[in-house]
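Enquirer: Below you will find the structure I want to go over with you.
Throughout, read-outs are computed from the coordinates displayed, never taken from laboratory work. What you see is a predicted model; the values in this text were computed from it and never measured. When we count neighbours, we look across all protein chains shown, and the Cβ atoms used for this are built from the backbone with ideal geometry, even at glycine.
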Amino acid sequence: ANQILSGYGTTIFTVMSALAQEHGAVNLGQGFPDWEGPEEVRRIAAEGLMNGYNQYPPMAGIPELRRAVAAHDRRFYGMDVDPMREVIITSGATEALAAALLGLLNPGDEVVLIEPLYDSYLPIVQLAGAVPRLVRVEPPLWDLPRAALAAAFGPKTRMLVMNSPMNPTGKVFSDDDLAFIADLVKAHDAIAVCDEVHEHLVFDGRRHTPLMTLPGMRERTVRIGSAGKTFSLTGWKVGYLVADAPIAAALGRAHQFLTFTTPPNLQQAVAHGLSMDRSYFDDLAAGLAAKRDLLSDGLRRVGFDVLKADGTYFIGADIRPLVGEMDDAEFSRRLTIEAGVTCLPFSAFYQAGDIRNFVRFCFCKRESVLEEAVGRLERFF
Ligand code: PMP
Ligand code: GLN
């Protein structure tokens with residue numbers, strides 16, 4: 001077996017979803033909605049299957065979707081993107097991340113990453129033979145430690161990987177943070193890989209700003225999005241990346257050997273989704289914000305110290321007011337088995353696994369499901 005991957009167990013998402021199922025728990029662990037995505041989008045995918053849209057599409061994605069991604073980035077962010085040279089359609093953001101890292105990194109390159117981090121980043125950095133340099137945002141507000149971030153950059157830095165809105169914290173990086181980050185990336189002649197899968201899941205009137213739109217960042221940023229979160233279709237695995245043409249060419253060389261293509265009917269449907277009215281995107285965020293409030297209030301009543309989430313599907317909660325110093329993974333197991341509610345331990349999002357007081361609850365569920373979860377917790381504690 002591969003020595004690097006042998007160091008990793010089964011992902012926490014799979015482990016906890018299986019445990020939730022085994023014990024009939026309300027699963028607020030792995031992040032997936034319990035409703036179907038837009039009917040008009042699903043209908044196009046279904047019709048595409050029946051109308052002979054079933055052979056290999058172009059390697060970089062169908063032109064219709066690449067144009068839709070460019071138009072989306074113009075509409076929401078004022079960006080000017082060449083759909084044929086600067087957009088690649090991937091099998092989810094997961095593949096886009098792998099293509100970006102494998103396509104750009106050489107052995108010995110250093111990569112700056114911000115903890116807590118999504119679980120696929122580190123293994124890919126390591127498979128590329130690159131060296132991770134980790135910096136932590138600190139609770140309760142997940143502030144960016146600017147001095148530590150600056151110190152993590154050095155002569156070997158090739159790349160920064162960041163995620164805003166951020167999983168699992170729900171943090172949306174401020175414009176000040178982004179400007180600070182951009183200056184470091186430019187000063188070290190590095191590339192930023194920005195995981196922006198939650199770009200449309202931003203609440204309370206805030207808006208997502210791609211790092212790519214900051215001065216001097218257009219030609220040194222890879223912007224990654226996914227239909228999974230934007231259209232509540234997490235099983236589809238249709239992602240996209242946007243990068244300056246020379247970078248996109250390097251990523252394309254990795255993409256061609258990873259998956260080569262992504263199902264054409266799904267691409268066609270996502271192209272339609274990206275061109276839907278503004279109201280679709282606004283309603284998605286407003287609906288999720290209401291769910292966040294419902295679950296946050298409920299968890300506070302139960303006794304958790306609930307942290308603020310400005311975006312994503314997720315809220316972080318400090319378990320200490322309820323159980324004192326208990327291991328977060330043990331807490332998550334026991335909550336599933338004994339209280340019938342599943343959450344995820346934050347330690348799974350740290351390389352050393354040493355932050356053990358927080359758990360992540362996912363709120364992208366129907367109101368009745370969130371109420372059932374809170375009810376179970378109220379009876380348990
Ligand atoms: N990055 C982050 C931060 C995520 O939360 C997820 C899960 N949606 C992914 C990447 C993977 O996205 P996809 O399902 O499109 O591969
Ligand atoms: N992105 C989702 C989450 O963070 C699911 C990831 C997965 O299942 N691999 O929960």
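Enquirer: Out of every Cα pair in the range 39-276, what percent are spaced more than 24 Å from each other?
Expert: 42 percent
Enquirer: With both bridge residues required to lie in the chain, what share of the DSSP beta bridges run antiparallel, to the nearest 5%?
Expert: About 50 percent, rounded to the nearest 5.
Enquirer: For the range 207-268 and the range 1-67, what is the centre-to-centre distance using only Cα atoms, to the nearest Å?
Expert: So the separation of the two Cα centres works out to 16 Å.
Enquirer: In the range 89-188, what percentage of the DSSP-assigned beta bridges are antiparallel, given to the nearest 5?
Expert: Antiparallel: roughly 10 percent of the beta bridges in the range 89-188.
Enquirer: Determine the distance separating the Cα centre of the range 304-323 from the Cα centre of the range 91-119; give it in Å without decimals.
Expert: Their Cα centres are 27 Å away from one another.
Enquirer: Taking the highest mean first, how do the peptides 307-314, 326-333, 239-246 order by number of other beta carbon atoms within 10 angstrom per residue?
Expert: Going from most to least packed, we get 307-314, 239-246, 326-333.
Enquirer: What pairs in Lys186/Lys237; Lys156/Lys308; Lys156/Lys237; Lys156/Lys229; Lys308/Lys365; Lys237/Lys308 have C-alpha atoms more than 30 Å from each other?
Expert: Flagged as over cut-off: Lys186/Lys237; Lys156/Lys308; Lys156/Lys237; Lys156/Lys229.
Enquirer: A follow-up question, please. If the elastic network links every pair of Cα atoms under 10 Å, which of Pro139, Pro165, Pro83 fluctuates the most in the Gaussian network model of the chain?
Expert: Pro139
Enquirer: Same structure again: If you count, for each residue, the other Cβ atoms within 10 Å and average over each peptide, how do 232-238, 38-44, 123-129 line up from highest to lowest?
Expert: Output ranking for 232-238, 38-44, 123-129: 232-238, 123-129, 38-44.
Enquirer: Rounded to the nearest 20 Debye, what is the dipole magnitude of the range 39-276 about its Cα centre when Lys and Arg each give +1 and Asp and Glu each give -1 at the C-beta?
Expert: 280 debye
Enquirer: A further question on this structure: Considering the dipole of the chain built from charges on the beta carbon (Lys and Arg +1, Asp and Glu -1) around the Cα centre, which of Thr90, Ile44, Asn106 is farthest to its positive end?
Expert: Going by the charge dipole, the pick is Asn106.
Enquirer: Write out the trypsin sites (Lys or Arg not before Pro) in the range 337-381 meeting two conditions: DSSP loop, and at most 12 other Cβ atoms within 10 Å of their Cβ.
Expert: Passing sites in the range 337-381 are Arg366.
Enquirer: Quick check: net charge around Met59, other residues with Cβ under 14 Å of its Cβ, Lys/Arg +1 and Asp/Glu -1?
Expert: Local charge sum for Met59: +2.
Enquirer: Also: Of the candidates Met84, Met212, Met50, which one comes out as most mobile in a Gaussian network treatment of the chain with C-alpha springs shorter than 10 Å?
Expert: Met50
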